[in-house]
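Everything below concerns the one structure shown next.
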Amino acid sequence: MLVLLAGIFVVHIATVIMLFVSTIANVWMVGSSNYGTISTGLWLLCNRTCTQLPVSNEDEASLKAVQAFMILSIIFSVVALVLFIIQLFTLEKGKRFYVTGAVMLVCWMCILIAVSIYTARFTNTVAFSTNPHHGYCFILAWICFCFSFIISILYLVLRKK
């Protein structure tokens, strides 16, 4: 049981770190240009230097929604981690980690919404580039989506012994 709890804790910490990296780094889409590799993230367009991400008026609301939901997913994931640690020491034996699992499911839903909006609105759109493809931050976000769902189900099923 202790090994299972430690494993869940490690995966949860890894998920939080990957959420931070995928939200902060600017490699959601990558493309080539005459000047080298161009990458875009949620915040900046980077070539040799980084500039403000050029977004059309119709896509601005979508980008703000992706940014907001990724930030919310980080917040809910950290809150779930803190709740897990608190419940680990205060929960009675035989009880389940319902609150932690519920908060982690909200985190999972925020990641799902953010990455789905990004996939629908911004796939294959890197300004001034050819041959665009997804970068590592986009892939990390989908990995966090899977991990957060697995962790939340484990929290809901797991009993304190």
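Taking all protein chains in place and a 1.4 Å probe, what share, in percent, of the accessible surface of the chain do carbon and sulfur account for? Intermediate values should be presented prior to the final figure.
Working: 6130 of 8550 Å².
Reported share for carbon and sulfur atoms: 72 percent.
With a cap of 12 neighbouring Cβ atoms within 10 Å, and only residues DSSP puts in a loop, list the trypsin sites (Lys or Arg not before Pro) found in region 87-118.
Values: sites: K93, K95, R96; in loops: K93, K95.
Of the trypsin sites (Lys or Arg not before Pro), the ones in loops of region 87-118 whose Cβ has at most 12 other Cβ atoms within 10 Å are K93, K95.
Binning at 5 Å from 0, report for region 6-161 what percent of all alpha-carbon pair distances ends up in each bin.
Once binned at 5 Å, the Cα pair distances of region 6-161 give 2, 10, 19, 19, 15, 11, 9, 7, 5, 3, 2, 0, 0.
Name the shape class, rounded, prolate or oblate, that the alpha-carbon gyration tensor gives for region 1-45, where a ≥ b ≥ c are the square roots of its eigenvalues, rounded holds for a/c under 1.5, and otherwise prolate holds if a/b is larger than b/c and oblate otherwise.
Values: a/c = 7.30, a/b = 3.74, b/c = 1.95.
Here region 1-45 falls in the prolate category.
Pull the list of the chain cysteines that no other Cys approaches to under 4.7 Å, Cβ to Cβ.
C107, C110, C137, C144, C146 - these cysteines have no disulfide-compatible partner (Cβ-Cβ under 4.7 Å) in the chain.
Kindly provide log₁₀ I(q)/I(0) values, in the same order as q = 0.13, 0.21, 0.23 Å⁻¹, from the Debye equation applied to equal alpha-carbon scatterers of region 78-161.
-0.52, -0.92, -1.02
Tell me, what is the Rg over Rh of region 40-111, with Rh the Kirkwood radius over Cα pairs?
On the way: Rg = 17.9 Å, Rh = 14.6 Å.
Computed over Cα atoms, the ratio is 1.23.
At 1.4 Å probe radius, can you tell me the per residue accessible area of the chain in Å²?
Values: 8550 Å² over 161 residues.
Result: 53 Å² per residue.
The values are calculated or read from the model by the stated rules, or taken from the named source; none is laboratory data. No experiment lies behind these values; they were computed from the predicted model shown. Cβ: placed from backbone, ideal geometry, glycine included. Neighbour counts: every protein chain shown. Just the protein is used for accessible areas: all its heavy atoms, side chains included, with ligands, DNA and RNA removed. Shrake-Rupley method; radii C 1.70, N 1.55, O 1.52, S 1.80 Å.
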